[in-house]
Each structure stands twice: as structure tokens, then as C-alpha cells.
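Undergrad: Following this message is one structure expressed as C-alpha cells.
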Amino acid sequence: MGKLLAGAEKEVLVEIVRFTQKNGLKGAEGGWKDFLVLNDKKFGASVSDPKKRSKDVLLAFLKTFSKDFQKYFSKLVRRFNERSATVQFMKEFSDKLSPELKLVQLTAEHPEYRKNYNFPSYQEGWKVMREGKVSNFMNSTMLAVDCEMVLCHDGTEALVRVCVVDSNLEVKLDELVNPFKAVADYRTSITGLSKKDLKGVTCSLVDVQKSLKKILSKGKILIGHSLSKDLHALKFDYTQVIDTAYIFKYANLPTTASASLNSLCKSVLGYAVREEGEPHNCLKDAEAAMNLVLAKLKHGFNDPIEIARNNVVPESDKMKLLAHKIPVYLPCQELLKLFSGNPSIDAKNDSRIRDEVEKAFEELDGEETKDSSGRLQKSVLLKRDNGDVASFFVRKMAYGSRLNESELSKKRPPPPIEDVEPTKEDNDGDKHKKQRTDKKHKKKSKKSVAE
């Protein structure tokens, strides 16, 4: 095992092990949990949080991977060290940092950053831009990017459009991209693109990567909303970033949750990027991300902001479940196995479809929670045909599928008295009432005897 990996801090090794879990990587003894089952007879995989394991155990697991993987893990260690050095540099010279670089620092300090910005750049087709010396990263020039992706037959997503604008909202890159493989779903309602739009397009992902590498030279700052998703689509590992999902505090969302670009623009900029049901516009979304950063730099927005929630659901969406955060390696054929039922339901029979949707959601085995908009969702685990386990969420698109207590009292009459479990107070009250009744009966009986 490389000296760099063996000498890494435990915190770094924890992140690398989590990286293997997220990407379904396996060594000679399987994945992380498989390794624990084989090598820890006492606890097995019951204590699977890498943070709760010793450095020696973490290293022993990483040692089960091939030499090529261990070389990549060493590169990850180097990148972690570079990032740590950059963060440390920013802390030490915080008074000299530009406002833009402080937002880069704020992004890197977000609790979700490490999880989402550890890219599988060991895979074929990925490009990595090295940080270099930390002193080089004092450039405050900003560019904003947004991408659109389609779903391919092999279960992966592919880039079909990319737009980049500068801080003056001048377009630096606007390209349609040919995925050069079979597309299963163009997601036209989201991307705004169809098969005919890509006819004759010759620009490839490699061409886009070359363009990005050129315009991002000299440590420019890259901006985007949930930018890690765009970088995944671009297969471009870059760390000098501002993620607009991370730089605002939300008054009515969980700590790890983020608002959608549209909702954030409504709350911060006072306008919506798109109307309800309108497809995305790649260029407008890149401009919106830049405008959010410019607004943050100008006005601060240091206090938590209230995110407006739209609880109006189109009638057609009330009869849908949405599976999201699906791993790209999960084929749709395996995903369909999660749902049973009759796929040939008459589309005109709305009530029956709603019943089937309710039933499908109820039958899912998973923890039920609410998303940031208040819709019910379940965290689902699906065992694949090859033995791997994929995790994702299935969400109800309709609101109000569970009635609260005040709604329940309006919808149904109170239960009969005999069905109610008496409380201690009820028992005490009944006892006193019985005593008063008994006294009355005694008085009546005495009176009857006297008469």
C-alpha cells in the first residue's frame, strides 16, 4: 500500500471508505459491509459507520482493492490534503480573501460538501483539474454553469447541453452535446430537448471538457446550483466552486436540505426562473445561479431566509410517485421490480389510478419521512440481481395524503365511548360520580324505608 494512503489521517480514510460505499466499489473481500462480516466475528456489519472503526480496520479494507484502485485512493488522499491546505490557508488569511473566495470557503465548509464533491474521477472519461499551490487560488473571476442530461439505455445519464456565463451574464459557452449512445428518455418536459434537436450535433463530451479546461484556467471560480450534479454530468473534477445550494441559510428547511433553484430565486431575487410545468432553460439557469451569487455578495443574506413552498399540485401529478436520487448504475428494469400491480390501468379511471398509487406507496418497505416541501416519501433499499444494494427515495407527488389530528376530527365522528381507553383522570372522575350516585341511592332507599 502506498505511503501516502498509509500515512493519511483517519478522517481522510473515513471519507475514502464512504466513497467506496457510495459508488458500490468492492475489493477482494467484497464491499465495506462484506469485509466487516468476514473479519469481525463479534460485531460484523452491525457497526458499519466507518467513523466508528479504527484506522487499522479502514486501512485493512482499502488494502483489499487492486493496486490500480490503491493508486487512485492515494490520489484522493492528495486531493484531501490539498483541500485541507486550501481551507487552512483561507482561515489564516481570511482578512485578505476576496468576498468571492469567502463564498468558496463557505461552500467547502457545508456539511454536504465532502459527500457530494468526492467524484469517481478514477473512471474512464473523467478529467481532473489539479489545485496546485494554494497561493494560486486568489483569483476572483467567476463563471456560472448549468447542464441538461438525458437517460440512456445503459442506465446512465448523459450530457446534452451545457451553458456557461460570466459575471456580466455574457455567454462563454452554449453547446448542444451528442451523447453518442442510445437514449432511453430525453426528459423533454425537463430538458426542453428532443431527438430532433440533437440531429446533426457533432460536439462531444470530450470537446466540452477541453473548452471548460481552457476557460477555467488560472483558478477561476465555478458557480452552479447543486453544482456537483453538473460536474458529474461533465465528468469534470473541479474544486474551486461556489454552490448556490450551500451559501444560504434556510429558516424552514432541514440543515442538510437545500431549496430548488426556482424557489431560491423567488425568495432571494424576487422572480421565478420558470413557470410551473415549464421545461428548464439551461442558459437561464446558469444566469440565475450567477445572479444569486451577485445578490449574496451585494446584500449578504446572512439571516436565514424563508423558502416559499408551492402546495398546489396539478391533477395529473396527484396520480404519480416520483423515484429520485436513484444511483446511475441502477437499470430501470430492476427499478420496475419494486412496484407490483396492473400497468394497464385505464387512464380515464382517475380514482382507480389514485388507489393503485396509494397502494403501491403503502406496500413499499422503507422509512416514511417528509421532503423539504412536506410531501411524504420513503427511503427504499433495493437488492439488485448482482447482489448490490441501491438506495433511493420514492415520493408521493400529492400533498395531504395523511390527515393531521384537526382534519381527522372534521372527517369522522368521535369513536364510541366503549372504544376509548379511559385515562386516570377519567377513572377518578367516574369514581367520584359513582360515589355521588351511590349516596343518592342510599338516601332514596332510607326515605323509602321511612315511608
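The values are calculated or read from the model by the stated rules, or taken from the named source; none is laboratory data. Bear in mind the structure is a predicted one, so any value in this text is a computation, not a measurement. Note that each Cβ is placed from the backbone with ideal geometry, even for glycine, and that neighbours are counted across all protein chains shown.
Undergrad: When segment 217-239 is examined, which residues are found to be at negative phi, in a loop (DSSP other than H, G, I, E, B) and surrounded by 20 or more Cβ atoms within 10 Å (Cβ to Cβ)?
TA: HIS225, TYR238, THR239
Undergrad: I'd like to know if segment 67-74 contains one or more residues that are within 20 Å of GLY219 (Cβ to Cβ) and either touching a His at 6+ places or on another chain (Cβ under 6 Å) or of a type in the set (Lys, Arg) (or both).
TA: Taking segment 67-74 first, the residues within 20 Å of GLY219 (Cβ to Cβ) are none.
No: segment 67-74 contains no residue that is within 20 Å of GLY219 (Cβ to Cβ) and either touching a His at 6+ places or on another chain (Cβ under 6 Å) or of a type in the set (Lys, Arg) (or both).
Undergrad: Being closer than 23 Å to LYS325 by Cβ, among the β-branched types (Val, Ile, Thr) and buried (at least 20 other Cβ atoms within 10 Å of the Cβ): is that true of THR255 here? Talk me through it step by step, then tell me what you get.
TA: Working: closer than 23 Å to LYS325 by Cβ: yes; among the β-branched types (Val, Ile, Thr): yes; buried (at least 20 other Cβ atoms within 10 Å of the Cβ): no.
No.
Undergrad: Given (1) out of contact with any His (no Cβ under 6 Å at 6 or more places or on another chain); (2) at pLDDT 55 or above; (3) surrounded by 12 or more Cβ atoms within 10 Å (Cβ to Cβ), where does GLY400 come up short, assuming only one miss?
TA: The failed condition is (2).
Undergrad: Among residues belonging to segment 67-121 that are of a type in the set (Ser, Thr, Tyr) and touching a residue at least 12 places away in the same chain (Cβ under 8 Å), point out the one that is nearest to GLY224 (Cα to Cα).
TA: Residues of segment 67-121 that are of a type in the set (Ser, Thr, Tyr), as a first pass: 72, 74, 84, 86, 94, 98, 107, 113, 117, 121.
Now narrow it down to the ones that are touching a residue at least 12 places away in the same chain (Cβ under 8 Å): 72, 74, 86, 98, 107, 113, 117, 121.
On the way: TYR72: 27, SER74: 28, THR86: 20, SER98: 19, THR107: 11, TYR113: 13, TYR117: 13, SER121: 19 Å.
Once the filter is applied, the top-ranked residue is THR107.
Undergrad: Only one of (1) in contact with a helix residue (DSSP H, G or I) (Cβ under 6 Å, 6 or more places away or on another chain); (2) modelled with pLDDT under 90; (3) acidic (Asp, Glu) fails for GLU82. Which number is that?
TA: (1)
Undergrad: Among residues belonging to segment 1-34 that are hydrophobic (A, V, I, L, M, F, W, C) and more than 20 Å from GLU112 (Cα to Cα), point out the one that is farthest from the chain's Cα centre (by Cα).
TA: Applying the first criterion (hydrophobic (A, V, I, L, M, F, W, C)) to segment 1-34 yields 1, 4-6, 8, 12-14, 16-17, 19, 25, 28, 32.
Next, from what is left, pick out any that are more than 20 Å from GLU112 (Cα to Cα): 1, 4-6, 8, 25, 28, 32.
Working: MET1: 33, LEU4: 31, LEU5: 29, ALA6: 32, ALA8: 28, LEU25: 20, ALA28: 30, TRP32: 22 Å.
Of everything passing the filter in segment 1-34, MET1 is farthest from the chain's Cα centre (by Cα).
Undergrad: Of these, ASN168, ASN139, which one is without any contact (Cβ under 8 Å) to a residue 24 or more places away in the chain and at negative phi?
TA: Details: ASN139 fails: without any contact (Cβ under 8 Å) to a residue 24 or more places away in the chain.
Result of the check over ASN168, ASN139: ASN168.
Undergrad: I'm trying to understand the selection: among the residues of segment 266-286, which are touching a residue at least 40 places away in the same chain (Cβ under 8 Å), surrounded by 16 or more Cβ atoms within 10 Å (Cβ to Cβ) and within 20 Å of MET149 (Cα to Cα)?
TA: HIS280, ASN281, CYS282, LEU283, ASP285, ALA286
Undergrad: Turning to a different aspect of this structure: Could you list all residues from segment 240-249 that are of a type outside the set (A, V, I, L, M, F, W, C) and crowded, with 19+ Cβ neighbours inside 10 Å?
TA: From segment 240-249, those of a type outside the set (A, V, I, L, M, F, W, C) are 240, 243-244, 246, 249; that's our starting set.
Within segment 240-249, GLN240, ASP243, THR244, TYR246 qualify.
Undergrad: Specify which of the listed residues (ASN291, ASN262) is within 29 Å of ARG354 (Cβ to Cβ) and either among the polar types (S, T, N, Q) or surrounded by 16 or more Cβ atoms within 10 Å (Cβ to Cβ) (or both). Lay out the reasoning, then the answer.
TA: Values: ASN291 fails: within 29 Å of ARG354 (Cβ to Cβ).
The match here is ASN262.
Matching residues to (1) in contact with a Pro (Cβ under 9 Å, 6 or more places away or on another chain); (2) surrounded by 13 or more Cβ atoms within 10 Å (Cβ to Cβ); (3) among the aromatic types (Phe, Trp, Tyr); (4) within 22 Å of GLU11 (Cα to Cα):
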| site | (1), (2), (3), (4) |
| --- | --- |
| TRP32 | yes, yes, yes, yes |
| LEU36 | no, yes, no, yes |
| LYS42 | no, no, no, no |
| ASP49 | no, no, no, yes |
| ARG53 | no, yes, no, yes |
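Undergrad: Then there is this: Does segment 144-154 contain at least one residue that is assigned by TED's automatic domain parsing to the domain that holds TYR186, under 27 Å from GLN21 (Cα atoms), modelled with pLDDT under 90 and in contact with a strand residue (DSSP E or B) (Cβ under 8 Å, 6 or more places away or on another chain)?
TA: In the first step, residues of segment 144-154 are kept if they are assigned by TED's automatic domain parsing to the domain that holds TYR186; the result is 144-154.
If we keep only those that are under 27 Å from GLN21 (Cα atoms) too, we end up with 147-154.
Subset that is modelled with pLDDT under 90: 153-154.
Imposing the further condition that a residue be in contact with a strand residue (DSSP E or B) (Cβ under 8 Å, 6 or more places away or on another chain) reduces the set to 153.
Checked segment 144-154: at least one residue is assigned by TED's automatic domain parsing to the domain that holds TYR186, under 27 Å from GLN21 (Cα atoms), modelled with pLDDT under 90 and in contact with a strand residue (DSSP E or B) (Cβ under 8 Å, 6 or more places away or on another chain).
Undergrad: Does any residue in segment 189-206 that is without any contact (Cβ under 8 Å) to a residue 60 or more places away in the chain come within less than 6 Å, Cβ to Cβ, of a residue that is acidic (Asp, Glu) six or more places away or on a different chain, and which pairs are these?
TA: Listed pairs, sorted by first residue: CYS203/GLU175.
Undergrad: Since VAL37 meets every condition but one in (1) within 27 Å of the chain's Cα centre (by Cα); (2) under 23 Å from ASN386 (Cα atoms), which condition does it not meet?
TA: Of everything listed in (1) within 27 Å of the chain's Cα centre (by Cα); (2) under 23 Å from ASN386 (Cα atoms), VAL37 misses just condition (1).
Undergrad: On the basis of being in contact with a helix residue (DSSP H, G or I) (Cβ under 9 Å, 6 or more places away or on another chain), touching a residue at least 24 places away in the same chain (Cβ under 8 Å), outside any helix (DSSP H, G or I) and under 29 Å from ARG375 (Cβ atoms), does TYR246 make the cut?
TA: Values: in contact with a helix residue (DSSP H, G or I) (Cβ under 9 Å, 6 or more places away or on another chain): yes; touching a residue at least 24 places away in the same chain (Cβ under 8 Å): yes; outside any helix (DSSP H, G or I): yes; under 29 Å from ARG375 (Cβ atoms): yes.
Here the answer is yes, as TYR246 does meet what is asked.
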